[in-house]
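A.B. asks: Let me give you the structure first, and then I'll get to my questions.
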There are 2 protein chains.
Amino acid sequence: MPRRGPNDGGEKRNRILRAAIRIFSQKGFFNSKVSEIARASGVADGTIYLYFKNKDDLLISLFEEKMGEMVADVRQRTAAGENAFAKLRIFMDNHMGLLEREAGLVEVLMVELRQSNKFLKDYVPVKFFEYLEVLGGILEEGKRQGIFRPDLNVSVMRRAIFGALDELCLTYVLSKKPKYHPSVSSAELFRVFAEGLCVPRPDAAGV
Amino acid sequence: MPRRGPNDGGEKRNRILRAAIRIFSQKGFFNSKVSEIARASGVADGTIYLYFKNKDDLLISLFEEKMGEMVADVRQRTAAGENAFAKLRIFMDNHMGLLEREAGLVEVLMVELRQSNKFLKDYVPVKFFEYLEVLGGILEEGKRQGIFRPDLNVSVMRRAIFGALDELCLTYVLSKKPKYHPSVSSAELFRVFAEGLCVPRPDAAGV
DNA sequence: CATCGATGAATGGCGATTCATTCACGAAAG
DNA sequence: CTTTCGTGAATGAATCGCCATTCATCGATG
């Protein structure tokens, strides 16, 4: 095993994070042993504690860093959309698309994040809120542009849309034999949401 | 402490289940100790094992029994709706209404159920699927009645609607100071979904 | 040789589960 | 009516395995 010098430029830390995603996504946080993650990332048990304070900290770091990347990514992608309508579509496609690019990550973020609020007494999922805000921003923009109903309750609907996407992702993640491609779900969801979200004028329904 | 004869008619078992809901909802399944549940239900640690095989079995029993009640209840309530449109509204209102009637239960079912699929290797949440099927049935009915788009993808949209409701519930459960009443969310969600779900004819938008 | 990342065996505590014992009650006997 | 058993629910202290975390030690590097 070659030695790459002190601190590796974070490469070892990343190996650990990647392994943690794999293990956590397979068995859940509480059923994952630190020693398994160590084995999976090819380091010693103790090494993990050189990079992370403890097991909780490993999970939280994973949340913040990976969610941070997701937020930066989705911001960039949605910015390319012509208007709020197109941006919403991009947002949805991107979210469902994560399933193919990072199935394990989606699973960890969505399943474990949900209860982390409770069991990590004072952890606030900052990056997750940012993700929601991206979605909320699109809705707000749509209202300003006259594309979405002016009386839309953004704080309710951004949650609702996220929840729908999240549940669809979960369905894929938990079923071994998916019926269709994630993009089918995303397209269907967009169609239904959009035609409800739009100001009800016959011409506003086109993509 | 008076003795009520053997087997109580299940009253002790119910005390345990109720306490488990309280404890699980507060701290999550993995952070809850069996001894806490025992204390909270006023029985000895060992007594729990007279009624349940083990800690996992306690959670699963809780799922199946309480979800079973929810399913029976929502079936009955939605049956009263004039048509699929009204039934969907009832379904949504009922779901959000659970927050007031059984906040703890909602929290356990929704947060823990999500990961139970993974960590309980062979548990299939039968009753949960039934709940989804009630929703799916409403959508199907709506298609037949010509109220919902004939090309609606029911298996996608029933998940999406459930996910939206679930996420909205979660928001309430996790925030100490909710901005508005659950019924506000339910009304908003219904409005947005319905006007997208309906066959796009100007007259179909009324409740 | 001093430094420091890495190691992995050992530790310590926690908590699910067990089981020997207690207790309350009804039945049977006197 | 009182006493004596037998039964099975209930108890809770003790057990036992597990696993996060530590730390004495190693060896590469400069």
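A.B. asks: Going by the conditions given, is A:Val156 in a helix (DSSP H, G or I), open to solvent by 10 Å² or more (accessible area, probe 1.4 Å), away from DNA strand C (no atom under 16 Å from the Cβ) and at pLDDT 95 or above?
C.D. replies: no
A.B. asks: Moving on to the next point. I'm trying to understand the selection: among the residues of region A:132-181, which are in contact with a Cys (Cβ under 8 Å, 6 or more places away or on another chain) and of a type outside the set (Phe, Trp, Tyr)?
C.D. replies: A:Ile147, A:Arg149
A.B. asks: Condition first: small (Gly, Ala, Ser) and buried (at least 20 other Cβ atoms within 10 Å of the Cβ). Can you find one or more residues in region A:4-17 that meet it?
C.D. replies: no
A.B. asks: With (1) open to solvent by less than 20 Å² (accessible area, probe 1.4 Å); (2) at pLDDT 95 or above; (3) within 12 Å of another protein chain (Cβ to nearest Cβ) as the list, and B:Leu197 as the residue in question, which single condition is left unmet?
C.D. replies: Result: B:Leu197 fails condition (2) only.
A.B. asks: A further question on this structure: If you scan region A:166-191, which residues turn out to be more than 9 Å from chain B (Cβ to nearest Cβ), of a type in the set (Phe, Trp, Tyr) and over 17 Å from B:Pro125 (Cβ atoms)?
C.D. replies: The answer is A:Phe190, and nothing else.
A.B. asks: Within region A:48-72, can you find the residues that are away from DNA strand C (no atom under 16 Å from the Cβ) and within 14 Å of another protein chain (Cβ to nearest Cβ)?
C.D. replies: Selection gives A:Leu59 alone.
A.B. asks: Among (1) within 15 Å of the chain's Cα centre (by Cα); (2) modelled with pLDDT of 95 or more, which single condition is A:Leu113 missing?
C.D. replies: It fails just one condition, (2).
A.B. asks: If you scan region A:41-57, which residues turn out to be of a type in the set (A, V, I, L, M) and part of a loop (DSSP other than H, G, I, E, B)?
C.D. replies: Once the filter is applied, which keeps residues that are of a type in the set (A, V, I, L, M) and part of a loop (DSSP other than H, G, I, E, B), region A:41-57 yields A:Val43, A:Ala44.
A.B. asks: Could you pull out the residue among A:Ala103, A:Ala79 that is without any contact (Cβ under 8 Å) to a residue 12 or more places away in the chain and farther than 24 Å from B:Leu174 by Cα?
C.D. replies: A:Ala79
A.B. asks: Within region A:172-181, track down each residue that is farther than 13 Å from B:Ala160 by Cα and part of a helix (DSSP H, G or I).
C.D. replies: A:Val173, A:Leu174, listed by residue number.
A.B. asks: Right, another one. Output the residues belonging to region B:41-54 that are surrounded by fewer than 17 Cβ atoms within 10 Å (Cβ to Cβ) and in contact (Cβ under 8 Å) with a residue 12 or more places away in the chain.
C.D. replies: Passing the criteria: B:Gly42, B:Thr47.
The values are calculated or read from the model by the stated rules, or taken from the named source; none is laboratory data. Not measured: the values here are computed from a predicted model. Glycine also receives a Cβ, built like all others from the backbone with ideal geometry; neighbour counts cover every protein chain displayed. For the accessible areas, the whole protein counts, side chains as well, though only heavy atoms, and no ligand, DNA or RNA atoms are used. Shrake-Rupley method; radii C 1.70, N 1.55, O 1.52, S 1.80 Å.
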